[in-house]
Amino acid sequence: MNCAEFDLKAYALGEAALEERRRVEDHLRACAGCREELERVALTRAVLRALPEEEMPRRIAFVSDQVFEPGWWRRFWRSGPRLAFASAALLAAAIVAHGFLARPPAAAPPAAGADMAAIERRIETAVKEAVAAAEARQPARIAEAVREAERRMEFERRAEMAAVESNFELLRKQFARMYLASSQIGGAQ
């Protein structure tokens with residue numbers, strides 16, 4: 001019987017038709033080489049399932065490939081530290097400009113008593129509201145972070161368990177082979 005006519009990969013991946021599966025199973029009972037090949041395919045599949053999922057690269061380019069390099073504006077816009085520095089500089093310039101342009105007239109100094117107390121109360125109220133709003137958002141953020149960490153840990157645990165199971169299965173098969181070989185050697189003497 002010719003082993004090339006059987007598609008072991010389609011059988012291992014569950015893509016073979018029912019009749020083809022029966023033919024392959026009948027052949028596997030008789031052919032040790034094909035059984036070994038099927039074990040390798042199953043082991044490869046288990047190892048590939050244990051790998052973490054990663055995003056595929058968008059494209060592969062040469063270092064000298066200038067066509068796909070983003071322009072200076074796009075590089076600046078995507079750079080977090082540069083954009084933060086530019087935002088801070090713009091804010092500082094706006095504050096300085098506001099300080100020079102919106103000066104109160106020198107002839108009318110603000111009243112120190114009642115106006116300052118009202119301003120302090122407004123500032124204190126605004127600070128309390130901001131703190132309360134930040135504290136109200138914090139539990140939801142913590143819960144989301146915990147859920148994400150639990151999901152990632154469960155995925156990693158399942159991948160590790162699949163790898164361990166496949167390794168134990170491989171060791172069990174190797175032990176069975178060694179046991180069979182040693183019993184054959186012991187019986188021959």
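Coordinate-derived values only; no laboratory data. Quick caveat: nothing in here was measured; it's all calculated off a predicted structure. Ideal geometry is used to build each Cβ from the backbone, glycine not excepted, and the neighbour counts take in all protein chains shown.
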Reported set for the range 152-184 where residues are hydroxyl-bearing (Ser, Thr, Tyr) and exposed (fewer than 10 other Cβ atoms within 10 Å of the Cβ) is none
Mind listing just one residue for me: the one in the range 2-37 that is among the aliphatic types (A, V, I, L, M) and more than 22 Å from residue 176 (Cβ to Cβ) and, of those, surrounded by the fewest Cβ atoms within 10 Å (Cβ to Cβ)? 4
For the range 1-58, which fully contained helices (runs of 4 or more DSSP H) count at least 3 residues that are of a type outside the set (Gly, Ala, Ser), closer than 30 Å to residue 153 by Cβ and in contact (Cβ under 8 Å) with a residue 40 or more places away in the chain? 32-50
